1. Determine the distance separating the Cα centre of segment 168-240 from the Cα centre of segment 75-149; give it in Å without decimals.
2. Considering only Cα-Cα distances, which of the following residue pairs are longer than 18 Å: K43/K102; K234/K327; K149/K177; K197/K218?
3. Positive end of the charge dipole of segment 157-276 (Lys, Arg +1 and Asp, Glu -1 on Cβ, about the Cα centre): tell me which of A265, F171, S204 has its Cα farthest that way.
4. Convert each backbone phi in segment 185-190 into a coupling constant with the Karplus relation 6.51 cos²θ - 1.76 cosθ + 1.60 (shift: θ = phi - 60°), then list the ³J(HN,Hα) values in order as whole Hz, x for Gly and Pro.
5. Leaving out ligands, DNA and RNA, what percent of the accessible area of the chain is carbon and sulfur, probe 1.4 Å?
6. Provide the per-residue ³J(HN,Hα) series for segment 227-244, in order, calculated from phi with Karplus coefficients 6.51, -1.76, 1.60 and θ = phi - 60°, each as a whole number of Hz, with x at glycine and proline positions.
7. Under the Karplus relation 6.51 cos²θ - 1.76 cosθ + 1.60, θ = phi - 60°, what is the ordered set of whole-Hz ³J(HN,Hα) values for segment 257-272, x standing for Gly and Pro?
8. Given +1 on the Cβ of Lys and Arg, -1 on the Cβ of Asp and Glu, and no further charges, what dipole in debye does segment 1-103 carry about its Cα centre, rounded to the nearest 20?
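The values are calculated or read from the model by the stated rules, or taken from the named source; none is laboratory data. Computed from a predicted structure; not experimentally measured. Methodologically, a virtual Cβ is constructed for each residue, glycine included, from the backbone with ideal geometry; neighbour enumeration extends over all protein chains shown. The area values use the complete protein model at the heavy-atom level, side chains included, leaving out ligands, DNA and RNA. Shrake-Rupley method; radii C 1.70, N 1.55, O 1.52, S 1.80 Å.
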Amino acid sequence: MAEIIQERIEDRLPELEQLERIGLFSHAEIKAIIKKASDLEYKIQRRTLFKEDFINYVQYEINLLELIQRRRTRIGYSFKKDEIENSIVHRVQGVFQRASAKWKDDVQLWLSYVAFCKKWATKTQLSKVFSAMLAIHSNKPALWIMAAKWEMEDRLSSESARQLFLRALRFHPECPKLYKEYFRMELMHAEKLRKEKEEFEKASMDVENPDYSEEILKGELAWIIYKNSVSIIKGAEFHVSLLSIAQLFDFAKDLQKEIYDDLQALHTDDPLTWDYVARRELEIESQTEEQPTTKQAKAVEVGRKEERCCAVYEEAVKTLPTEAMWKCYITFCLERFTKKSNSGFLRGKRLERTMTVFRKAHELKLLSECQYKQLVCLPLWISWAEWSEGAKSQEDTEAVFKKALLAVIGADSVTLKNKYLDWAYRSGGYKKARAVFKSLQESRPFSVDFFRKMIQFEKEQESCNMANIREYYERALREFGSADSDLWMDYMKEELNHPLGRPENCGQIYWRAMKMLQGESAEAFVAKHAMHQTGHL
């Protein structure tokens, strides 16, 4: 074994001598590389082999390659790459080949091999790696797709990509993902040919190329894949996915229309078909020549589109009165309702429509448990509270907030608590806001803003109480003190600037901050504190 290791180290000497000769590494560094390489070689040549040793070997060589690259950039020297970098790349490939042969079932090892070749090796070498990997892992469609995409997008070989997809489909004749990516690839190929032909025509060049036939340019190959795939893979979901891909290509209007017509003809009993047809109304432009220009006119136009969508959904729930179909309708209404809009007209329409659809589905007993939970989602509660504030008593509005906090839990409740606190201060002043704060102070989770609001409310009072401000900061730091450096800084400033503050507390606050803050937050705090000390904050 010692002879093998010595021989491999001697093989490295020419590249190492070049590294020293051209000034990229010092003599001491070369000696260190030889020592490290000897250790690594020993570990991958011994009788009992471990995968980690091969990985460490590869990682060391990659680090060396990257260091060489950085130093070349620094001194502006790009010669001798064949004798140096290429030699290292070939050695790493040899290590990968040994490792992938021994641990052939390790997909992550193969993917690391591929990633290395993508960055450092030639395209021909990478193509061979893909072939070797697929010979062993032919049962994994994702790897076939990865190889085909690389052939298409990086090697610019549509034919190689096509052959890979055809081979993959022999192994996986019912894999939807393979058909979708193959379909996409053929459309990309047609688009590429169309652009090439257009460039030739602009240059007044007459090129005889059978690939430029009208059928190929219109996406005939993609059409064949579409027809074959939908005869094998049934269901609206797959059909819609192909249509979504086709819609990415402007030249494929005829193909898009055929897929859309087939969807409606073949899958009328699938809620997904109706859902897709209804949502499509949002994308159809107005038939009038004049497009809306004012915000109000645009809001009205959006409202009309949504009405057309709902007309399709209304027909759908009559034709297909199932829980699944109502779920599609309700989901659409909720999505539109939660979409931001400055138009009061649109917001009102969306809220009314959402509540009406929920009510109809409830009356028909076609709401699932999940949809009942959706009925109390965050935006609906907020809208109810806002409406109640304008139309009902303070007691009624507070009851809405309390009910909402029982229904809305987790991260969504953070926004609700902030809204509740704002309403309390707006409707009942500081006393009411503090009462609400007290009732919620152990009801996690919170946002920093929740505590900052109370600090601001306190500071707006004529008889501002420093003890209360300290309480709010302490509670905020209990929740966010390990990450929010601004909280600590603001607490210290409060003690320094407030008439009833205690500047002597700042030292203690500083050391508490240094204990609690982590990583970059601690560094940011130190920097801000230093700037404050020099009068820059």
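1. 29
2. Working: K43/K102 15 Å; K234/K327 22 Å; K149/K177 13 Å; K197/K218 13 Å.
Over 18 Å Cα-Cα: K234/K327.
3. After comparing all options, I get F171.
4. Along segment 185-190, the couplings run 4, 5, 5, 5, 4, 4 Hz.
5. Numbers: 15610 of 29880 Å².
The C+S portion of the solvent-accessible surface of the chain is 52 percent.
6. Result, ordered by residue: 4, 5, 5, 6, 7, 9, 9, 8, x, 5, 4, 5, 4, 5, 5, 5, 5, 4 Hz.
7. Along segment 257-272, the couplings run 5, 5, 5, 5, 5, 5, 4, 5, 6, 8, 10, 5, 8, 10, x, 4 Hz.
8. On the way: 19 positive and 17 negative charges, 61 e Å.
Dipole of segment 1-103, to the nearest 20 debye: 300 debye.
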